[in-house]
Amino acid sequence: ASNTADTLFQEVLGRKDKADSTRNALNVLQRFKFLFNLPLNIERNIQKGDYDVVINDYEKAKSLFGKTEVQVFKKYYAEVETRIEALRELLLDKLLETPSTLHDQKRYIRYLSDLHAPGDPAWQCIGAQHQWILQLMHNCKESYVKEQKGSNALLHSPMLDLDSDVRPLPIGHLSQTASLKRGSSFQSGRDDAWRYKAPQQVVFVEKLTKLVVSQLPNFWKLWVSYVNGSLFSETAEKSGQMERSKKNARQRQNDFKKMIQEVMHSLVKLIRGALLPFSLREGELRQYGGWEMKAELSGQWLTHVIQTVRLSSESLTALEIPNDMLQIIQDLILDLRVRCIIVTLQHTAEDIKRLAEKEDWVVDNEGLTSLPSQFEQCIIHSLQSLKTVLDCKPGEASVFQQQKTQEDVCQLSIGIMQGFIDCLEQLSTKPDGDIDTSHLSVDVSSPDLFGSIHEESSLSSEQRLLIALSNCRYLERHTFLNIAEHFEKHGFQGVDKITQVSMESLKELDQRLFEMYIEFKADPIVGSLEPGIYAGYFDWKDCLVPTGVRNYLKEALVNIIAVHAEVFTISKDLVPRVMSRVVEAVSEELSRLMQCVSSFSKNGALQAKLEICALRDTVAIYLTPESKSSFKQALEALPQLSSGTDRKLLEELLNKFKSSMHLQLTCFQASSSAMMKT
């Protein structure tokens, strides 16, 4: 019965056991489906980018099956570990990928931390960012150098086109700081036309500083997060990771400082290579230079560059980067400021030399042309253009702190003043044919009694000398002193030396020009005296009773009056100086002639005394100690008039002379200036 029963139910019992086994397997699959489905779910979530879900599932699986001895669980858990390792590699690649946002970097670092990735992903990321920034800077330089050389157009690759960069956060944050609200150096809406006008070096510095200011904030903030441990979740179980991170950061502070310094050094040397190549060593020049320096940048462009670098420095300071790391930028700014001042003064000196071309010889009622005013305005404009360069921003040193800079600026300033003095000399001593006087005119309000300028189509050499003398007088009394005030106002050193040297040089020129004019005017008058005195075989020993002053003296006075008229027409203030010297020359010659006469007759002595007294009394207001001495010597050479009749005749003849030539002699009266004006 038993055997029969077994035979009958063997198949049924087998099926029951199989069903129970299947049921148990299904229960296990149902109960542990999380583990069995996990490899596939991990792959799907990685593809979707749901890394948080993957990490949570992995943490759960690790806690449940990390130490299992069940073979099937061990097999599936090994599959999970394989996929998690692939995820670690993927996340590390994404972390080190550039460009990337700070938000993404922090996220990937947290993921790798939660996945217990080996090594220090945060530090690896910092190192990658450092290399990326350096590469960006050098690529930027190379692209602009190539464009300058005309090899090819600027490549707008994603690496260089910062305006469309996927990292907008740094500029977004920094635009809120005061440093970037001021100035337009970093405005994305800048007119593109400016870039075509600006030299390549200037555009390069704009781009380079913009690059550093946009990239460095993320780099710095990543380090700050690394130091304070905020890269990791602030939960109890993560506190150990935070402590390890802080410990690693403390150990790597010097390494990070070197990274920042390397970025700063590269920034500064790249700018030096573009603008101050002479400040780099030969080896550095090969790495950071390469520009074609056809002509040095003007002071205007250097001022713009200084403003750009200053804004960059303010932006970096706002990140709370230690000042010692930024000192190298301050040194660069100082060198740029000094160079800007030197270049501006050099260009000013060149402009001053070209002022001679602008002389129009239009004389105002003060006897001046526009040249002194143009000179002063040129200097003032130059100094005003340097105002922002000379002013010290917070943390900056004075440009004049170095003795060499003081000396260079002082010499250049003296050179500018000397250049203008040379310009005056060149204008006043040019041959007549070299002067363009087609536009010659005289101020309407200036007295022009003799029409000496209006009637002539060009200025004579003598008139140019007078105008130059008038300009010199004004420069000495006004312009040079005004310029000295402006130098002092802008903080220039050695202003006293500049003024002293310039004044001495100006006075030397003034004296040379004055002597030339006196030679032009006095020599003909002096030379005419002796032939005039002895005209008609006149003899002092044998002459008739005097009937009046002879013509030679009247002609000499008319010539002196002509000099007076010419000088008065140009500048009333020069009249006393010129007339005094002319009178000195004439009186000296007259004295010499009288002393050369061996003897006088009574009539000869009377005639000589009449003419000497007539000349002396006529030019009395222009007598100097020298001319008075000459007249005295001339009179002493004559025999004394003994009779009262002779003295009376002398007085009558003198009065007759003064009466007959009253109109001509008006200019020699003390009130002549007032009379001339009316």
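The values are calculated or read from the model by the stated rules, or taken from the named source; none is laboratory data. Owing to the predicted nature of the structure, the values given are computational and were not obtained by experimental measurement. Please note: Cβ atoms are built from the backbone with ideal geometry, for glycine as well, and neighbour counts cover all protein chains shown. For accessibility, only protein heavy atoms count, side chains too; no ligands or nucleic acids. Shrake-Rupley method; radii C 1.70, N 1.55, O 1.52, S 1.80 Å.
Of the residues examined, Thr98 is one that is hydroxyl-bearing (Ser, Thr, Tyr), modelled with pLDDT of 70 or more, surrounded by 13 or more Cβ atoms within 10 Å (Cβ to Cβ) and not in a helix (DSSP H, G or I). The number of residues in the stretch 556-594 that are more than 60 Å from the chain's Cα centre (by Cα) and modelled with pLDDT of 90 or more comes to 4. Among the residues of the stretch 372-420, those that are open to solvent by less than 40 Å² (accessible area, probe 1.4 Å), of a type in the set (Gly, Ala, Ser) and either at positive phi or part of a helix (DSSP H, G or I) (or both) comprise Ser382, Ser413, Gly415, Gly419. Residue pairs whose Cβ atoms lie under 8 Å apart, sitting 6 or more positions apart in sequence or on different chains, and linking a residue in the stretch 207-226 that is among the charged types (D, E, K, R) to a partner that is crowded, with 19+ Cβ neighbours inside 10 Å and at pLDDT 85 or above, are Lys207/Cys140. With a requirement of 3 or more residues that are surrounded by 17 or more Cβ atoms within 10 Å (Cβ to Cβ) and without any contact (Cβ under 8 Å) to a residue 24 or more places away in the chain, none of the helices (runs of 4 or more DSSP H) lying completely within the stretch 245-358 satisfies it.
Of all residues in the stretch 595-604, those that are without any contact (Cβ under 8 Å) to a residue 60 or more places away in the chain and either crowded, with 16+ Cβ neighbours inside 10 Å or not in a helix (DSSP H, G or I) (or both) total 3.
Going through (1) open to solvent by 20 Å² or more (accessible area, probe 1.4 Å); (2) in contact with a Leu (Cβ under 7 Å, 6 or more places away or on another chain); (3) of a type outside the set (D, E, K, R) one by one, Leu553 falls short only on (1).
Each row is one residue, and each column tells you yes or no for (1) in a helix (DSSP H, G or I); (2) modelled with pLDDT of 75 or more; (3) open to solvent by 30 Å² or more (accessible area, probe 1.4 Å).
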position	(1), (2), (3)
His116	no, yes, yes
Ala122	yes, yes, no
Ala153	no, no, yes
Ser157	no, no, yes
Asp163	yes, no, yes
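Quick one: Ser505 ticks every box in (1) open to solvent by 30 Å² or more (accessible area, probe 1.4 Å); (2) in contact (Cβ under 8 Å) with a residue 60 or more places away in the chain; (3) part of a helix (DSSP H, G or I) except a single one, so which number is it? That leaves (1) as the condition not met. If I filter the stretch 482-500 for residues that are within 15 Å of Ser571 (Cβ to Cβ), open to solvent by less than 30 Å² (accessible area, probe 1.4 Å) and at pLDDT 90 or above, do I get at least one hit? No, the stretch 482-500 contains no residue that is within 15 Å of Ser571 (Cβ to Cβ), open to solvent by less than 30 Å² (accessible area, probe 1.4 Å) and at pLDDT 90 or above. Mind telling me which of the residues Lys628, Lys609, Lys658 ends up being in a helix (DSSP H, G or I), open to solvent by 40 Å² or more (accessible area, probe 1.4 Å) and under 18 Å from Lys541 (Cβ atoms)? None of the other options fit; the residue is Lys609. Restricting the stretch 276-303 to residues that are aromatic (Phe, Trp, Tyr) and modelled with pLDDT under 80 leaves a set whose member that is nearest to His138 (Cα to Cα) is Tyr288. Remark: Ile306 falls outside the filter, which requires a residue to be modelled with pLDDT of 85 or more, under 17 Å from Leu136 (Cβ atoms), not small (Gly, Ala, Ser) and not assigned by the TED database to the domain that holds Asp120. Each residue in the stretch 555-606 was checked for being under 30 Å from Val362 (Cβ atoms) and small (Gly, Ala, Ser), and 4 pass. Look at the stretch 476-494: where a residue is without any contact (Cβ under 8 Å) to a residue 40 or more places away in the chain, no partner that is among the acidic types (Asp, Glu) and part of a loop (DSSP other than H, G, I, E, B) sits 6+ places away or on another chain with Cβ atoms under 6 Å.
Here is the figure for the stretch 540-581: residues that are assigned to a loop (DSSP other than H, G, I, E, B) and under 20 Å from Leu649 (Cβ atoms) total 11. Only one of the numbered conditions (1) under 18 Å from Pro546 (Cα atoms); (2) assigned to a helix (DSSP H, G or I); (3) of a type outside the set (Lys, Arg) is not met by Pro639, and that is (2).
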